[in-house]
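These notes concern the structure reproduced below.
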Amino acid sequence: MKLKLRVWRQKDANSKGGFHSHDVEADEHMSFLEMMDVLNEQLISEKKEPVAFEHDCREGICGTCNMVINGRPHGPQKGTTVCQLHMRQFKDGDEIVIEPWRVAAFPIIKDLVVDRSSFDHIIQAGGYISVNTGQAPDGNAIPIEKDISSEAFDAAACIGCGACAAACPNGSAMLFTSAKVAHLGKLPQGKVEHEGRVQKMVAQMDKEGFGFCSNIGACEVECPKEISTENIAMLNRSYLGSMLSSND
Amino acid sequence: MSLNNNVPSGALSEKWTNYKSKMDLVAPNNKRRLDVIVVGTGLAGASAAATLGELGYNVKAFTFHDSPRRAHSIAAQGGINAAKNYQNDGDSIWRLFYDTIKGGDYRSRESNVHRLAEVSADIIDQCVAQGVPFAREYGGLLHNRSFGGVQVSRTFYARGQTGQQLLIGAYQALSRQISNGNVKMYNRHEMLDLVKVDGKARGIITRNLLNGKIEKHAAHCVILATGGYGNVFYLSTNAMGSNVTAAWRAVKRGAYMANPCYTQIHPTCIPVSGDYQSKLTLMSESLRNDGRVWVPKKAEDAKAIRERKKTGLDIPEEDRDYYLERRYPAFGNLVPRDVASRAAKIACDKGNGVAPTGLAVFLDFASAIQRYGRSSALSQNIDNPDAATIIKLGEKVVEEKYGNLFEMYEKITGENPYKQPMKIYPAVHYTMGGLWVDYNLQTNIPGLFALGEANFSDHGANRLGASALMQGLADGYFVIPYTLGTFLSHEIRTPTISNDTPEFNEAANAVKERIQRLANSQGNQSVESFHRRLGKIMWEYCGMSRNAEGLKKGRQMIRELRDEFYKDVYVPGSDTEYNPELEKAARVADFLELGELMMCDALDRNESCGGHFREEYKSPEGEAQRNDEGYTYVSAWEWDDHNPVLHKEELTFENVELKTRSYK
């Protein structure tokens, strides 16, 4: 299949970027990133600069790959990262527009590569359970209801890719933050620090420059792990509750 | 240099306990004055950095990724072993130890493996406390499943994303230490050299991948937890960025590389479909709990399937060869990985492969769907269920167990594995070899430690499924926090190490020169093309089966390719900017040396053991044939551009009897 790509090219954070057109010939069995590899091999053979994009595991789990394809983070297929998106989702002759995540808190590094350190900072603010190595009781000491464990897992499945923020017109990180709050807050081990965690993570999210949540729901639609906005509801309830009961 | 493994004396089951009771400690006030560098933030690195931070050391952690959470540990699917015996099925520390020694084909160190089995249970407790959502039973207790090479159910798991959940647990523990200042995190920094001062490891040289700046970082000791080197084969299940560079740079500074030829070829991967591929995808070993492996008995059926005239469904039961069940009745589809991989190769070499390339076998869930469907109907009080109901109920159970894997398979291949049997083929997955370490996980360079897949210590010639996560976390959470003290307790009077010394400046200049040379390479061939060619040589001559003639030829071919690389590689961009092609060029350059060492090692080892199968050494039935008289040793290689030097650590087995490994 022959494709016309319109790819965002930007030398670095301070340069002005723009769309460049590239023609590429792909095969329907290729993944989207393998198609990008073909393009880059072609550019290198012409001694031109390849398109910088991030990727690593190519199994949909590391959360590294990030592209907005035809206006949608991770492209058209539901519940799928770019690396797992295959070219059979496209047709011969298609024009495909490829852009980086566009979020104020994710500055562009080069072409399609952005800096997502802000997500690390949110986790560092409180996205953990304070237990030192060696302090743990036996793994079966606290039984956890299967459904509760399963709900915690659904939230913990977040891969930290940032598609939620990229999908959000406000550039909000609420789905990401709430997924961590829900993962830990649902489990008995994480309940102890729940309220403080919510406050600290929300404060950090604001500090990083993410926008506010206005319940649009695009984050859930574009999330490759289909994380639910119910987590946001849980975060909001806990946040309000913690404000009312806060001793600070 | 002689290799002293520093294994404590005493009975096997008491070594670790006695060691911990008697080792020299570092007092809390001294810990604060000691700097520790940890390179790599996967399971081993993140757990080590977090734990050492908790203990009070000043830790600097490095990753080439944009965040510690991206490390490739995240992709591990199936599970983590632990000798908890929660299932009351006869498991014990001894049994986990024994299974691991046997699974490794008697080529690992007894004392290290026993310690691994001892601490395995603590890992599960730690992870549960961190909030890892392991699979649970309806009663709220932890659930287990079985993995290859064992006859108990000791594998803990979190759907098909165990590695992800464990890594997030370690990442969160690390994040906590970053937030309280005990760990300083350096993202997007790649280690490009090791610095030794007076023979001790005292720091590293890194390149800031955002701006190309070469930086010098000093510490009292250096811990490498930088993963395996499977990407030397180009096509593997490793992440695209996984590389040997940090470990190899240590080798270039005198660290020994142990058993580099021990490579794990994983039997259940999605087969290669085209030349454009740069990465293969694993289908978890857990699938072999329920999937049955087969090929058509008749070559003409296999041919018809390859030509897409028939599918697996058209082959009647009596014309199918469930070759693992036939050849290994005691373990069936759950034989260890090396055995399953070789059996698949034999079936395909005979012409019974089922993909257009001829390189694939079936992994079939039809019987499991039937079995689960009936059992599910029974538990729901459905009398005389019809065939469609059974299939529907059975598929639901299979979906609960393996849903995400089935979905991934369908996305990649475009085929529905609930309806058509999966097609799978072996692919490079893990490397048992790695930096040589003693009982303290210290390399032959004082102050340089290696953890997780980066060391060689626990898996012998073949690793059992769900043991990599166990080893990574054992090393990081429960071993290095103790054994590091053995070195650092002698360093409490050593002041802060300066990075402005001739040793640091020499190393930094060497790195600058090397990087500039690569950045200025204006040849005609891409880095990728060299990597692909290296991978082909490795797979052909040092892959699933090897022979002396091929290994000699392969070694020569790699040397020629290396020369060609430096003459004709093309690296776009400059060395002072974000430049992924330049990063890749430096990594491929190191693979081009490692590959040669792997050939040397495989050639030296005139026996077949575990993942190392030499065609000259096999039983009449085609099984691997060890030579315990001649080769019960660890091969620790000192690098030399012309002739690498072999040092041997004899392996002594005082507690298990060396037997022919049988899964029949």
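Quick check: anything in region B:619-629 crowded, with 18+ Cβ neighbours inside 10 Å, modelled with pLDDT of 95 or more and not assigned by TED's automatic domain parsing to the domain that holds residue B:331?
Looking through region B:619-629, at least one residue is crowded, with 18+ Cβ neighbours inside 10 Å, modelled with pLDDT of 95 or more and not assigned by TED's automatic domain parsing to the domain that holds residue B:331.
Output the number of residues of region B:402-433 satisfying the condition of being more than 23 Å from residue B:260 (Cα to Cα) and part of a loop (DSSP other than H, G, I, E, B).
8
Among the residues in region B:64-72, are any in a loop (DSSP other than H, G, I, E, B), aromatic (Phe, Trp, Tyr) and either touching a Pro at 6+ places or on another chain (Cβ under 7 Å) or surrounded by fewer than 24 Cβ atoms within 10 Å (Cβ to Cβ) (or both)? Walk me through it before giving the result.
Residues of region B:64-72 in a loop (DSSP other than H, G, I, E, B): B:64-67, B:71.
If we keep only those that are aromatic (Phe, Trp, Tyr) as well, we get B:64.
So of that shortlist, the ones also either touching a Pro at 6+ places or on another chain (Cβ under 7 Å) or surrounded by fewer than 24 Cβ atoms within 10 Å (Cβ to Cβ) (or both) come out as none.
Looking for residues that are in a loop (DSSP other than H, G, I, E, B), aromatic (Phe, Trp, Tyr) and either touching a Pro at 6+ places or on another chain (Cβ under 7 Å) or surrounded by fewer than 24 Cβ atoms within 10 Å (Cβ to Cβ) (or both), one finds none in region B:64-72, hence no.
Identify, please: which residue in region B:519-576 is of a type in the set (Val, Ile, Thr) and in a loop (DSSP other than H, G, I, E, B) and is, among those, nearest to the other protein chains (Cβ to nearest Cβ)? I'd like the intermediate steps shown before the answer.
Step one: filter region B:519-576 for residues of a type in the set (Val, Ile, Thr), giving B:527, B:537, B:558, B:569, B:571, B:576.
This time we only want the ones that are in a loop (DSSP other than H, G, I, E, B), so: B:571, B:576.
Values: B:571: 9, B:576: 11 Å.
Residue satisfying both the conditions and the ranking: B:571.
So residue B:646 passes all but one of these: (1) part of a strand (DSSP E or B); (2) without any contact (Cβ under 8 Å) to a residue 24 or more places away in the chain. Which condition number does it fail?
For residue B:646, the failing item is (2).
Run residue B:71 past the list (1) within 12 Å of another protein chain (Cβ to nearest Cβ); (2) at positive phi and report the number of the one that doesn't hold.
Every listed condition holds for residue B:71 apart from (2).
Looking at the structure I just gave you, is residue A:25 closer than 20 Å to residue B:581 by Cβ and modelled with pLDDT of 95 or more?
Working: closer than 20 Å to residue B:581 by Cβ: no; modelled with pLDDT of 95 or more: yes.
Considered against the rule, which asks whether it is closer than 20 Å to residue B:581 by Cβ and modelled with pLDDT of 95 or more, residue A:25 comes out as no.
Would you mention how many residues in region A:1-23 are outside any loop (DSSP other than H, G, I, E, B), of a type outside the set (D, E, K, R) and within 27 Å of residue A:115 (Cβ to Cβ)? Step through it out loud before you land on a result.
Within region A:1-23, the subset outside any loop (DSSP other than H, G, I, E, B) is A:2-9, A:18-23.
Filter again for of a type outside the set (D, E, K, R), leaving A:3, A:5, A:7-8, A:18-22.
Subset that is within 27 Å of residue A:115 (Cβ to Cβ): A:5, A:7-8, A:18-22.
Result for region A:1-23: 8.
Which number in (1) over 25 Å from the mean Cα position of the chain (by Cα); (2) within 12 Å of chain B (Cβ to nearest Cβ) marks the one condition that residue A:23 misses?
The failed condition is (2).
When only residues in region A:38-54 that are charged (D, E, K, R) and closer than 15 Å to residue B:525 by Cα count, which is farthest from the other protein chains (Cβ to nearest Cβ)? If you could, list the steps in order and put the result at the bottom.
Of the residues in region A:38-54, the ones charged (D, E, K, R) are A:41, A:46-49, A:54.
Among the residues that remain, those that are also closer than 15 Å to residue B:525 by Cα are: A:41, A:46-49.
Values: A:41: 6, A:46: 10, A:47: 7, A:48: 7, A:49: 5 Å.
By that ranking, first place goes to A:46.
Only one of A:62, A:57 is in contact with an Asp or Glu (Cβ under 8 Å, 6 or more places away or on another chain), facing chain B (nearest Cβ under 8 Å), over 13 Å from residue B:581 (Cα atoms) and of a type outside the set (D, E, K, R). Can you tell me which?
A:62
Quickly run through region B:134-146 and pick out the residues that are among the aromatic types (Phe, Trp, Tyr) and either buried (at least 21 other Cβ atoms within 10 Å of the Cβ) or modelled with pLDDT of 95 or more (or both).
So the first thing to find is which residues in region B:134-146 are among the aromatic types (Phe, Trp, Tyr), and the list is B:134, B:138.
Residue satisfying the conditions is B:134 alone.
Could you tell me whether any residue of region A:41-63 is assigned to a strand (DSSP E or B), farther than 29 Å from residue B:570 by Cα and touching a residue at least 12 places away in the same chain (Cβ under 8 Å)?
Checked region A:41-63: no residue is assigned to a strand (DSSP E or B), farther than 29 Å from residue B:570 by Cα and touching a residue at least 12 places away in the same chain (Cβ under 8 Å).
Filter region B:171-210 down to the residues that are within 14 Å of chain A (Cβ to nearest Cβ), farther than 22 Å from residue B:73 by Cβ and in contact with an Asp or Glu (Cβ under 7 Å, 6 or more places away or on another chain) and list them by number. Before the answer, list the steps.
Step one: of region B:171-210, the residues within 14 Å of chain A (Cβ to nearest Cβ) are B:171-190, B:208-210.
From what's left, farther than 22 Å from residue B:73 by Cβ: B:180-181, B:208, B:210.
Hit for region B:171-210 is B:208, nothing else.
In region B:112-133, how many are surrounded by fewer than 24 Cβ atoms within 10 Å (Cβ to Cβ), within 11 Å of chain A (Cβ to nearest Cβ) and within 22 Å of the chain's Cα centre (by Cα)?
Selection size over region B:112-133: 3.
Which ones in region A:166-219 are aromatic (Phe, Trp, Tyr) and surrounded by fewer than 24 Cβ atoms within 10 Å (Cβ to Cβ)? It would help to see each step written out before you state the result.
Here is the first cut: in region A:166-219, the ones aromatic (Phe, Trp, Tyr) are A:176, A:210, A:212.
A:212, the sole residue that qualifies.
Can you spot a residue in region B:228-240 that is more than 16 Å from the chain's Cα centre (by Cα) and not basic (Lys, Arg)?
Within region B:228-240, the first condition is being more than 16 Å from the chain's Cα centre (by Cα), and the residues that meet it are none.
No, region B:228-240 contains no residue that is more than 16 Å from the chain's Cα centre (by Cα) and not basic (Lys, Arg).
With charged (D, E, K, R) and assigned to a strand (DSSP E or B) as the only criterion, which of B:60, B:15, B:20 stands out?
Details: B:15 fails: assigned to a strand (DSSP E or B); B:20 fails: assigned to a strand (DSSP E or B).
One residue alone meets the criteria, B:60.
What residue, among those in region B:79-105 that are touching a residue at least 40 places away in the same chain (Cβ under 8 Å) and within 13 Å of chain A (Cβ to nearest Cβ), is surrounded by the fewest Cβ atoms within 10 Å (Cβ to Cβ)?
Across region B:79-105, the extreme among qualifying residues is B:87.
Is at least one residue of region A:145-158 more than 21 Å from residue A:66 (Cβ to Cβ), surrounded by fewer than 24 Cβ atoms within 10 Å (Cβ to Cβ), in contact (Cβ under 8 Å) with a residue 60 or more places away in the chain and within 10 Å of chain B (Cβ to nearest Cβ)?
Yes - at least one qualifying residue is present in region A:145-158.
Being at the interface with chain B (Cβ under 7 Å from one of its Cβ atoms) and among the polar types (S, T, N, Q) is the filter here, so list the residues in region A:118-134 that pass it.
Within region A:118-134, A:124, A:130, A:132, A:133 qualify.
For residues that are outside any loop (DSSP other than H, G, I, E, B) and aliphatic (A, V, I, L, M), tally how many sit in region B:254-287.
Residues of region B:254-287 that are outside any loop (DSSP other than H, G, I, E, B), as a first pass: B:257-258, B:263-269, B:282, B:285-287.
If we keep only those that are aliphatic (A, V, I, L, M) too, we end up with B:257-258, B:265, B:282, B:287.
Of the residues in region B:254-287, 5 are outside any loop (DSSP other than H, G, I, E, B) and aliphatic (A, V, I, L, M).
Looking at region B:156-253, what strands (runs of 3 or more DSSP E) fall wholly within it and have at least 2 residues that are closer than 20 Å to residue B:597 by Cα?
Values: elements: B:183-186, B:189-197, B:200-208, B:214-218, B:221-224.
It comes to B:189-197.
Of all residues being facing another protein chain (nearest Cβ under 10 Å) and either of a type outside the set (S, T, N, Q) or surrounded by 22 or more Cβ atoms within 10 Å (Cβ to Cβ) (or both) in region A:88-111, which is farthest from the chain's Cα centre (by Cα)? Just the residue, please.
First, the residues of region A:88-111 that are facing another protein chain (nearest Cβ under 10 Å): A:88-89, A:109-111.
Pick out the ones that are also either of a type outside the set (S, T, N, Q) or surrounded by 22 or more Cβ atoms within 10 Å (Cβ to Cβ) (or both) and you get A:88, A:109-111.
Details: A:88: 24, A:109: 17, A:110: 18, A:111: 18 Å.
Across region A:88-111, the extreme among qualifying residues is A:88.
The values are calculated or read from the model by the stated rules, or taken from the named source; none is laboratory data. The shown structure was predicted, so the numbers you read here are calculated from the model rather than taken from an experiment. Here the Cβ is made from the backbone with ideal geometry for all residues, glycine too, and neighbour counts use every protein chain on show.
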